[in-house]
Structure formats: C-alpha cells, structure tokens
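Take a look at the structure below.
The values are calculated or read from the model by the stated rules, or taken from the named source; none is laboratory data. Bear in mind the structure is a predicted one, so any value in this text is a computation, not a measurement. Here the Cβ is made from the backbone with ideal geometry for all residues, glycine too, and neighbour counts use every protein chain on show. These area figures cover heavy atoms from the full protein model, side chains too; ligands, DNA and RNA do not enter into them. Shrake-Rupley method; radii C 1.70, N 1.55, O 1.52, S 1.80 Å.
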Amino acid sequence: MFNLKSEARGFIAHGVSACAGCGMELIIRNVLDVLGSDTTIVIPPGCSALFCGFGNETGMKISAFQGNLENSAAYATGISRGYRAQGNDHTKVVAFAGDGGTLDIGLQALSGMMERGEDVLYICYDNEAYMNTGIQGSSSTPYGTSTTTTPGGKTVQKKDLLGIAIAHQIPYCASATVSHIPDLRKKVEKAKHVKGPSLLHIHCPCPTGWGFDTAKSVEVCRKGVQSGAWLLYEYENGKIRVNVKPKELLPVKEYLMLQRRFRKMSDEQVGALERAIREQYEKLLEKEE
Amino acid sequence: MAHYKMLDGNTACVEAIKMAKVKVVSAYPITPQSTIAEKLSEEVESGALDAGYIRVESEHTAMSCAVGAQLTGVRTATATASVGLALMHEVLNVASGCRVPIVMPVVNRSLASPWSLWCDHQDSIAERDSGWLQLYCENVQDIYDTMLMAYRIAENPEVLTPIMVCLDGFFLSHSMQKVLLPEQAEVDEFIGEYTVNNLKLDPEDPMVIDNLIGSDEITEMKYQQAIGFEKAHDVMLEVFEEFYQKFGRRKALVEGYRTEDAEAVVVTLGSMSGTAKYVVDQLHEQGHKVGAVKVVSFRPFPAKELRELLSGIKKVAVIDRTTGFGGEGAPMWVETKAALSDEYLVKGYIAGLAGRDIHTGTIEQVFRDILASDQAGEKPVWIDCNTEHAMNIREVNKYV
Amino acid sequence: MLNQQEQHTKKLQKCRVLGPCAVEFAAANTGSWRLERPIVRFNECIKCGTCQRFCPADLITIDKGKKECVDIDMNYCKGCGICANECPKKCIDMVDERSVG
C-alpha cells in the first residue's frame, strides 16, 4: 500500500518530471482515469518509466511493474495469466510503451500477445522516435524526419501499427490523439471492456524531440489529424470505422511547418509525403465501406 | 504408495512440475528440451495439471511471462536449453533481482557457434553471474528429486532466489531410467502451497515493482542477493536432510566417492559423474587409489565442503564441460583452485564439448595424466583435441 | 466475497521486502521549472473547461460559482502554455515568471 507523501486527483502525481508540454503525461492521466484502480500497468524503460519514479518514491499509485524495453507485452501476458489462474478475471492488465518498445524491439512479443489472444490492453504512445535516449530514429519515425540517427531526414515511411494489429484480427484496436481527448477516453473505455487483446495507438506530441514550442502540443496534434498525417479510426469486431473524416485534408505542410524535425524536407519530399497520406486516407475510407 | 516408472529426464522434470502444481506454464520448444514443452501442454490439455499454458513465441517471452505471472502470487514453470537460455539472459537477471523464485530445468546443450545439438555446460555456466542458483543432476531419479527440492530451496523466504536444475542434454533428457515417484500427498506435504510475502502485484495492495534505483541502494539490494546465496547453502542442507528423512534418498552439495585414502580424485559436474564412479571402481581393482567428487551445487559453490572432502588428497583433476576462454582455467577449475591451498595440485581438463562422449576411457586418461603429473601446467588440457591439426581443420578454395 | 472478508480482517503493517519497489507516492517540485506563468483574465473567461482538459499535469480546477473561476496549482505548473494556446477566448496570458511577485 502506498504511503501518500503527496495528494493527487488521479493516479498520477501532479509533479512528474516529464518535459513541459509532454503529451505522454496527458495520455497516461486520461488512460488511468478511465481504467480505474483495478489495473496493473507494465511500463518499459523509456520516457514513461518516469511515472514509476526513482528509489522508494513513485509518481503512480497503482500496481505496476517496470519491465525491459522489448517485453512489455510478455510481462503483461504473464501478469494477466497469473491473475486469471487465481480466479481474478477483473483486473485490467495494461502495457504502456513507446514506439521503439512497441514497433522496433517489442514487436515480436506484441505479435505473440495478440496472436494468442491474451487478455491485455496494449497502449503505444507514439512520439515517433527514441526520445528518452536523445531523439534517435525508430521504425515509427515518419518519412522525412530529422533525428539524431537520421540526420539527413528519414528515407522510408513509418510502420503501420494498426495495420499490424488488424492483421492479427484482435477484437479491438484504435488510433487516438491528445487533441481529441473525449475520443481518446471513449476508446480506452471500449478497450477496458474487451476480453482479449486490444491495442491503442496514441499520437504523442514531444516538444523536445519534434521541435516546437511547449504550448503547441495539442495544436500540432490537431493539425496532424486535419492534414491526415494522423488518422483517427478504430477496428472493432472486424469492422473499420473512421472517427474523424476531414472533408478536405489540410496541406500536410501546415502540420510539418510547425515542427523543426521536418525542416530538411525538400518540396519534392513534402509532395511525396502528401501523396502517401492522401492515398492512405482514401484506402482507409474504402475499407470502412 | 510410491511407485516405479520408466522416465526420461525431461519427463521426470514434467512429473515434478506437475506435482508442484504450478499455475502458469510458459515454454518454447528447443532441442533437447522440446518434450518438456510438449508434455506440459499435454498435462494442461488433459486437466492433469490445472494451469494456464502460454504458447509463447520465444524464450525471452517465456521467462518474461514466468516472472510476470509469479509476481502475481502463483508458482510458474518454464524450461529451456542452449541458445534459448542465452536469449533469456536479460530476463534471468530480472527474475533474480526481483527475487522471483522460479524453478527452471535447463537441458544443457552447447551454445552456437558452431551449431551443435549436443550436450555441454556452456549455456548454464555462461549464466553463472545471473543471480540464479544452479544444481546439476547425475541421473533421472536425481533430476526428479532435485526438482522437488528446488522448489523448497528457491522459495524459502530467506533465499527467494530462482534456481536452474541442470540436466545434460540427451545423456539425461532422453535417457530412460527407472524412477521412484512418490504420491501426490507426500509431495504436497513436502513442497506446500506457494505463498509470496515479498514483492507482489496486487491491485488491492499495490506497489510499483522494479523501478529505477540509485547506486547506493542497488549495492545493498545486490548484497541482499549475496545473502540469499549464503542462506541457500544452509537451506539446501536442511532440505536435503528433510528429503532424506521423507523419501530415503541422500543428497549433498558436493558428493565424494571413495575419496578416503585417495591419492587423486576427479571433480565432475552432471552426468559424467556416474562414469567417473565406474572408472574409480575399475582403477581400484587395478590397485590405484583414486576417488571421484561430484559437484551438485555450482551456485552457491560449496567451497568449504569441497575443501573438507579433498582434505589430504594432493592431486585433483577437474573436468570442465565448457571452455573458459582466456582464463587460467575453465570455471569449475577456477572454483576448485580457489577453494584449495597451493599445496594441492589442481589440474584442469576440458572435455565433452558439444556432446563429445566422456566415456570410461576419457576418465581413465585423466586419472593416468594426473597420477603422472607433478605440476598443474599453465593451461588446461584439452582432452582428445588434435592440437597440431586444429588451426588447419578447414582448407577452402577462395580468392585471396 | 472472500476478498471483501479478508479486507476487513487484513491489517496494514510494515513488512520487510527484498528487491526493488517503490511505495512512497510523491511529487516532484515541477513548479520550480516554470519560466512563464499562466494568468487568467477572469472577466473574459467563459468557463468552458478547455484549459482543464488539456493541462498535462491536471492542475486546473474550474469553479463556476467563483469570480476567480479558474484555479491553477502553481506548485506544479511547469508553464508549458498549452492552456493559453488552447483557450478559445485567448484569455490566458503567459507572463514572465520573474515579473510576478
């Protein structure tokens, strides 16, 4: 049981050492607020590990385990099976990992978890690079992005996490973002009641790594949705539903120009990204029908 | 009533796991461990074992699931071998650091490369510093007995340290032998229910487990683990004695055979120990005063017991089934050498790599050599190794 | 049911544990990071709750009955400025922390 040295409205302390304007902080507060106390969370090392705290102090008052980078889905599987083996069929086991821990090093464990139908909610907060180690590129880093390991801009597109989840035919998965909080909360609520694997892919703005003013976190993500750079949709019982359908997508440049990470993109590259985004959006709308 | 059954080593592990009533199984197949994964799934499928079976996609996940599940308060099972154990390496340290007392059979097999399916101890010895206890088995009855005792040792509140029960791949894993199996009630009485009073994942009594810790406290937490190993030594002696009282079979941390008056002994690990005893008997008939010493517990290493056992025996030959590259000797030799004073002649031998048979002739050769030696030499003797030929073992046509 | 019964009989007591865990729920002094401070012009505020929704540290309380209807906990506010940026009435100013007494 926790010794409360500080008061908090939710399950996360109000003073946590996430960068000012961090989207991950907004995400985890809303996620845990919806899930409630009957939750066990698995967090890998990375930005989100700061909620686990340092030494005997933690910034999170629910049962939690900090795992390794690549096996959040595996630890969550074990914990879920441990509870179920003892007749506890109510505690929600959630893995909360970044894009590196999910789409790079953790993809195998995640695939296994989804394929076996484990009763786990997997949340990927996607800040589109390895932020905690110093903004190195990941497979979820978008085309054209400059990072400390793609100094000339990334030359290939980002991996499609929801596409991978859908290929596993899990009961529920969805994308979400911090500019659409009610939509995010609704999706967490849905995932909470899924028996079996569910996955949320949440766009997570990072002022430090993306290069924008801390005040713009929500605005950047909103522009991401409006331009189609981040599509909001869900896959439920085999059907795709697009949650936000801009009639006319904003030029992606309006999303890109807010962030220094895209500064090295040429007009041709922006054009290529624009075409890829529009094609993806149209394909998605077709799949919905 | 206890009854005899013909079992191979892997099935003996499964019988023990079943009787320990584990609640979650996570296993990934790898030669020569595969039949453990298969048989456990059969036991779960048939209902003989009331547990959840996680058909994991790797050994890394197998160990992660075991750690996660056991932290919720249930006994878990997994098993592996060779490169599978190597893949677990990262999580082995989590299990020991979080004091999760998992009992895991390791079916010893050589590590790649070169690829081999056969037995040596490179895999488990490479995990020497992972914070796991390591017990090595001599025969199939020994495997079953050691598994049962392993639960008692690992789960002891003073120990709380995971344990590898090591059995030689194929030599034991696939060797059918007669095994005396006790009744479930006897096992229940011996092992008991799993209870956890340490770190536990429980939403009703929550804590955050395994977060970032400062270096000062880590030093102390590592010291806690060191104490765990010290306690394991004493707990093993208690558990061995209790097992003897209950089941009538004796076990020790290190076992001597005809060591009284011996001029030379051979120190062994695992299945070669039986061969060593046989050779000792034969050499006695020829008038040689030799003995054999089997190390049962490699971690903790029973230095004191070994010292007592070898007291007055001047020549000690140590057979390592692993290489110990770059050291003055291989790991078992290093431990033995460190346990004894400089008055002893402790000579290292490397044998049985990648399933190369350690047959009676091998042991005889070691005894002949140690009896004729008056110094240990600067490096270990590689048994049956054609050292002249070694550097030219392959010749290929290629552009240079 | 069993759990409920146990809950009544279980007593909270100090126990020794081995290995890494954290059980003190504590907060970092993130208010000290602040370079700019949000100041609400209350007379223009429509109490919509947008700032509250987007505050990453969940520090904003809206009290519709009060004149100073928006309370921001300055002990922890990092001064990111999301509240000011998202405010539909643009009635939150970010002012230099050093200029505030």
Using modelled backbone amide H atoms (1.01 Å from N, in-plane), which distant-in-sequence or interchain residues come within less than 5 Å of A:Lys264's amide H?
-> A:Ser146
When you look at the Cβ of every residue in A:213-220, what mean number of other chain Cβ atoms sits within 10 Å?
-> 6
If you find the alpha carbon centre of segment A:93-149 and of segment C:26-101, how far apart are they in angstrom?
-> 32
By the Cα gyration tensor axes a ≥ b ≥ c (a/c under 1.5 gives rounded; else a/b larger than b/c gives prolate, otherwise oblate), the shape of segment B:123-212 is oblate
Qualifying trypsin sites (Lys or Arg not before Pro) for segment A:1-78 [loop in DSSP, other Cβ within 10 Å: at most 14] = A:Lys5, A:Arg9
For chain B, count all C-alpha to C-alpha pairs, find those more than 26 Å apart, and express that count as a whole percent of the total.
-> 53
What order do you get for B:333-339, B:212-218 when each peptide is scored by the mean count of other beta carbon atoms within 10 Å, highest first?
-> B:333-339, B:212-218
Measure out, as a whole number of angstrom, how far apart the alpha-carbon centroids of segment B:334-389 and segment A:205-247 sit.
-> 67
Grab the eigenvalues of the alpha-carbon gyration tensor for chain C, scale each by 5, take roots, and send me the semi-axes largest first in whole angstrom.
-> 39, 20, 11
Within a 10 angstrom radius of each residue's Cβ in A:110-120, how many Cβ atoms of other chains show up on average? Whole number is fine.
-> 2
Coarse-grained scattering of segment A:1-68 at q = 0.13, 0.19, 0.28 Å⁻¹, given as base-10 log I(q)/I(0) from a Debye sum over alpha-carbon atoms = -0.32, -0.72, -1.68
Net charge of neighbours whose Cβ lies under 15 Å from the Cβ of A:Val31, counting Lys and Arg as +1 and Asp and Glu as -1 | +3
Kirkwood Rh, Cα Rg: Rg to Rh for segment B:1-89?
-> 0.97
Most to least accessible of B:Tyr28, B:Tyr399, B:Tyr194 (protein chains only, probe 1.4 Å) | B:Tyr399, B:Tyr28, B:Tyr194
Accessible area lost on pairing B with A, both sides, 1.4 Å probe, Å² to nearest 100?
-> 2900
For the protein assembly as shown, with the dipole built from +1 on Lys and Arg beta-carbon atoms and -1 on Asp and Glu ones, taken about the Cα centre, which of A:Ala76, A:Phe54, A:Thr155 lies farthest toward the positive end?
-> A:Thr155
Heads up, I need the accessible area for B:Leu353: 1.4 angstrom probe, whole protein in place, Å², nearest 10.
-> 50
Quick one: Kirkwood hydrodynamic radius for segment B:254-382, alpha-carbon pairs, angstrom, one decimal?
-> 14.2
For the protein assembly as shown, give the magnitude of the charge dipole about the Cα centre (Cβ charges: +1 Lys/Arg, -1 Asp/Glu; no others), in debye to the nearest 20.
-> 2600
Area projected by the alpha carbon convex hull of the protein assembly as shown, averaged over all directions, nm² | 42.6
Prolate/oblate/rounded call for segment A:190-289, Cα gyration tensor, a/c under 1.5 rounded = oblate
Checked against the positive end of the charge dipole of segment B:186-253 (+1 on Cβ of Lys and Arg, -1 on Cβ of Asp and Glu, about the Cα centre), the farthest of B:Phe229, B:Gly248, B:Leu199 is B:Gly248
With x for Gly and Pro, the residue-by-residue ³J(HN,Hα) of segment B:280-296, computed from phi through the Karplus equation 6.51 cos²θ - 1.76 cosθ + 1.60 at θ = phi - 60° and given in whole Hz, is 4, 4, 4, 5, 4, 4, 8, x, 8, 8, 10, x, 10, 10, 9, 7, 8
Which value, in debye to the nearest 20, describes the size of the charge dipole of segment B:157-275 about its Cα centre when Lys and Arg Cβ atoms bear +1, Asp and Glu Cβ atoms bear -1, and nothing else is charged?
-> 640
For B:Arg249, the accessible surface traced by a 1.4 Å probe with all protein chains present amounts, in square angstrom to the nearest 10, to 50
Step through the residues of segment B:107-120 one at a time and calculate ³J(HN,Hα) from phi using the Karplus curve (6.51 cos²θ - 1.76 cosθ + 1.60, θ = phi - 60°), rounding each to whole Hz and writing x for Gly and Pro.
-> 8, 4, 8, 4, 8, 5, 10, x, 5, 8, 9, 9, 7, 8
For segment A:25-33, 3J(HN,Hα) per residue [Karplus equation, 6.51 cos²θ - 1.76 cosθ + 1.60, θ = phi - 60°, Hz, x = Gly/Pro] = 5, 5, 5, 5, 4, 5, 4, 6, 4
Selected from B:Met332, B:Met221, B:Met176 as most flexible by GNM, with chain B as the system and alpha-carbon contacts under 10 Å = B:Met221
Any idea of the total accessible area buried by the B-C contact, 1.4 Å probe, rounded to 100 Å²?
-> 1200
Residues other than A:Asn68 with Cβ under 12 Å of its Cβ, Lys/Arg counted +1 and Asp/Glu -1, net out at -3
Setting aside same-chain residues fewer than 8 positions from B:Lys277, which lysines have a Cα under 18 Å from its Cα?
-> B:Lys251, B:Lys289, B:Lys294, B:Lys315
In Å², nearest 10: area of A:Met1 left accessible to a 1.4 Å probe | 100
Gaussian network model of chain B, springs between alpha carbon atoms under 10 Å - residue of B:Asp320, B:Asp188, B:Asp205 with greatest fluctuation = B:Asp205
Segment B:268-287-segment A:175-201 distance, computed between alpha-carbon centres (Å) = 66
Other protein chain Cβ atoms within 10 Å, averaged over every residue that makes up C:84-90 = 2
Using alpha carbon positions and the Kirkwood radius, the Rg to Rh ratio of segment A:23-288 is 0.96
List the aspartates and glutamates whose Cα lies under 16 Å from the Cα of B:Lys18, skipping any in the same chain that are fewer than 8 positions away.
-> B:Asp8, B:Glu38, B:Glu42, B:Glu43, B:Glu45, B:Asp50, B:Asp145, B:Glu183, B:Glu186, B:Asp188, B:Glu189, B:Glu193
What residues qualify as long-range amide H neighbours of B:Tyr28, i.e. H under 5 Å apart, gap of 5 or more or another chain, H built at 1.01 Å from N?
-> B:Ala79
Solution diffusion estimate, µm²/s, Stokes-Einstein, segment B:183-297, Kirkwood Rh from C-alpha pairs, 20 °C, viscosity 1.002 mPa s | 116
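Which FRET efficiency, nearest 0.05, do A:Ala272 and A:Asp33 yield, Cβ-Cβ r, R0 41 Å?
0.55
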Who wins for biggest fluctuation among B:Glu238, B:Glu263, B:Glu343 in a Gaussian network model of chain B, springs between alpha carbons below 10 Å?
-> B:Glu343
Charge context of B:Cys137, other residues only, Cβ under 9 angstrom, K/R +1, D/E -1 | -4
Accessible solvent surface per residue of chain B, calculated while the other protein chains remain in place, 1.4 angstrom probe, Å² = 41
Return the calculated 222 nm mean residue ellipticity for the protein assembly as shown, to the nearest 500 deg cm²/dmol, obtained by summing -39500 (n - 2.57) across DSSP H runs with n ≥ 4 and dividing by the residue count.
-> -10500 deg cm²/dmol
With a 1.4 Å probe, how much accessible area is buried between chains A and C, both sides summed, in Å² to the nearest hundred?
-> 2900
The set of residues whose placed amide H lies less than 5 Å from the amide H of B:Cys385, leaving out same-chain residues fewer than 5 positions away, is none
What cysteines in chain C have no other cysteine with a beta carbon less than 4.7 Å from their beta carbon?
-> C:Cys15, C:Cys21, C:Cys45, C:Cys48, C:Cys55, C:Cys69, C:Cys77, C:Cys80, C:Cys87, C:Cys91
Between the residues B:Gln177, A:Ser217, A:Gln169, the Cα farthest towards the positive end of the dipole of the protein assembly as shown, that dipole coming from +1 and -1 charges on the beta-carbon of Lys, Arg, Asp and Glu, is from A:Ser217
Of every hundred units of 1.4 Å-probe accessible area on chain B, the number belonging to carbon and sulfur atoms, as a percent, is 50
Where segment A:23-288 is the region considered: accessible area per residue in Å², 1.4 Å probe = 35
Roughly how big is segment A:23-288's charge dipole about its Cα centre, with Cβ charges of +1 (Lys, Arg) and -1 (Asp, Glu), in debye to the nearest 20?
-> 240
